[in-house]
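Asks: Got a structure here, written out as structure tokens. Questions coming.
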Amino acid sequence: MRISDGLKEGRLKGFITKGHNAAANGSFLFQTASGINPPSEKNIKGNPMPKKSFAALIAAAALSACAPDNAAQNAASAGGAAQETKLLNVSYDVARDFYKDFNPLFVEEYKKQHDGAALAVQQSHGGSSKQALAVANGLQADVVTMNQASDIDLLVKKGLVKADWQNAFPNNAVPFTSTTVFLVRKGNPKQIKDWGDLAGEGVKLVIANPKVTGNGRYTFLGAYGYGLKANGGDDAKARGYVKKMLANVEVFENGGRAATTTFMQRNIGDVLVTFENEANLSAKQFGRGEVEIVYPKYSIRMDSPVAVVDSVADKRGTRAAATEYLNYLWSKPAQELGAKLYLRPADPQVLAAHATELPPLETFNPNEVFGSWDEIMPKYFADGGVFDQLGTRK
């Protein structure tokens with residue numbers, strides 16, 4: 001059994017740093033440039049159920065006052081020069097590459113539409129559910145961009161987001177989708193072709209932890225959905241397959257990007273199971289000759305819903321800017337950018353134009369197979385749920 005050395009390596013050091021344009025007010029945030037991991041407590045084979053994460057609490061404490069009150073700034077500067085509006089986008093782990101490029105696009109567009117008005121966008125990235133919990137605990141996000149609706153619904157229950165958030169933007173507030181694929185070593189030595197091969201003898205997997213990340217949940221539900229389809233809907237046989245697959249997991253990581261780092265840089269595992277965009281970007285970064293992407297014949301669809309955090313945006317006077325920011329995700333430049341970064345755009349014309357990079361796939365909607373997220377979360381991912389039952393090693 002490998003022993004976690006994430007903390008021993010000092011992986012927390014340097015991750016709480018001064019935010020962009022934040023020095024004047026002493027605000028802090030996690031800097032999340034591509035290739036840098038957020039704080040993580042790795043869960044090595046033999047312990048798929050992590051201790052309660054402290055990352056969300058750190059984020060909430062460090063960032064609760066991250067963004068200054070724009071309404072107060074504007075009032076204080078009446079009659080003077082216009083102040084810079086600041087937005088904080090709290091997002092899931094592997095979306096950082098997209099938003100790193102999207103934010104400058106939006107800022108330029110915002111300046112054009114508002115006579116050169118200054119605007120800055122800050123980012124916080126981590127496991128989707130940990131990020132949602134951080135916002136629920138006080139992280140002052142103006143917008144959230146997640147990878148499952150249940151994370152935003154948590155904020156609805158906390159009174160931070162309006163219940164009709166899915167009606168505020170096109171396509172049920174989902175600008176992009178993705179799917180789950182497999183990243184394998186050069187030459188595909190384990191001959192991985194479909195989900196069933198992940199349960200083979202001697203195959204070592206790296207996945208994000210389904211207990212704390214949307215990436216991991218889509219992996220688990222994707223495997224379960226395959227098991228049901230392959231066994232004619234027989235739930236017992238599907239569970240048997242998933243149990244064998246989970247027994248092959250070498251590392252349960254606390255985020256999709258952390259899982260990529262473990263697989264690519266630490267050279268652990270034979271297969272990384274992750275989102276399509278993350279697999280492609282990893283292959284591109286490290287060289288497509290070193291790894292290969294395997295598309296299963298049947299996989300799960302991942303939606304990436306977005307919402308304005310109403311209570312924060314209203315308090316800080318950022319609602320208009322936050323709404324414009326999210327609406328711009330459906331613009332042609334943003335949809336094209338998403339496609340270039342291997343996200344599947346909501347615009348069918350843009351998607352069709354990138355069919356080579358984003359091939360047509362047979363996917364299923366998890367809500368049509370497993371029920372609503374309100375049903376999925378307690379049944380499969382609560383303590384003692386189906387994931388715990390199938391993933392426990394004795």
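The values are calculated or read from the model by the stated rules, or taken from the named source; none is laboratory data. Here the structure is a predicted model, which is why all the values come from computation and not from measurement. Virtual Cβ from ideal backbone geometry, glycine too; neighbours counted across all protein chains shown.
Asks: Being out of contact with any Leu (no Cβ under 8 Å at 6 or more places or on another chain), without any contact (Cβ under 8 Å) to a residue 60 or more places away in the chain and either exposed (fewer than 15 other Cβ atoms within 10 Å of the Cβ) or not in a helix (DSSP H, G or I) (or both) is the filter here; which residues of the range 102-122 pass it?
Replies: Listed by number, the residues that qualify are 104, 108, 112, 114, 115, 116, 117, 118.
Asks: Answer yes or no as to whether residue 319 is under 24 Å from residue 105 (Cα atoms), among the basic types (Lys, Arg) and crowded, with 24+ Cβ neighbours inside 10 Å.
Replies: The answer is no for residue 319.
Asks: Turning to a different aspect of this structure: If a residue has to be at pLDDT 95 or above and in a loop (DSSP other than H, G, I, E, B) to count, how many in the range 242-265 make the cut?
Replies: Total meeting the criteria: 1.
Asks: Continuing with the same structure: Go through (1) in the same structural domain as residue 97 (by TED's automatic domain parsing); (2) not in a helix (DSSP H, G or I) for residue 363 and report which single condition fails.
Replies: Residue 363 satisfies all of (1) in the same structural domain as residue 97 (by TED's automatic domain parsing); (2) not in a helix (DSSP H, G or I) except (1).
Asks: Further question: Could you check, for the range 338-345, whether at least one of its residues is touching an Asp or Glu at 6+ places or on another chain (Cβ under 7 Å), not basic (Lys, Arg) and not in a helix (DSSP H, G or I)?
Replies: yes
Asks: If you take the residues in the range 273-315 that are over 17 Å from residue 97 (Cα atoms) and β-branched (Val, Ile, Thr), which one is surrounded by the most Cβ atoms within 10 Å (Cβ to Cβ)?
Replies: Out of the qualifying residues, it is 273.
Asks: Among residues belonging to the range 84-101 that are farther than 12 Å from residue 321 by Cβ and among the aliphatic types (A, V, I, L, M), point out the one that is surrounded by the fewest Cβ atoms within 10 Å (Cβ to Cβ).
Replies: Checking each candidate, the answer is 95.
For every residue, the table says whether it meets (1) crowded, with 16+ Cβ neighbours inside 10 Å; (2) part of a helix (DSSP H, G or I); (3) under 24 Å from the mean Cα position of the chain (by Cα).
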| site | (1), (2), (3) |
| --- | --- |
| 141 | yes, no, yes |
| 179 | yes, no, yes |
| 184 | yes, no, yes |
| 192 | yes, no, no |
| 215 | yes, yes, yes |
| 218 | yes, yes, yes |
| 224 | yes, yes, yes |
| 229 | yes, yes, no |
| 238 | yes, yes, no |
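Asks: Could you check, for the range 343-351, whether at least one of its residues is free of Cβ contacts under 8 Å to residues at least 40 places away in the same chain, in contact with a helix residue (DSSP H, G or I) (Cβ under 7 Å, 6 or more places away or on another chain) and β-branched (Val, Ile, Thr)?
Replies: yes
Asks: While we're here: Among the residues of the range 272-294, is any in contact (Cβ under 8 Å) with a residue 24 or more places away in the chain, in contact with a Pro (Cβ under 9 Å, 6 or more places away or on another chain) and outside the structural domain of residue 90 (by TED's automatic domain parsing)?
Replies: no
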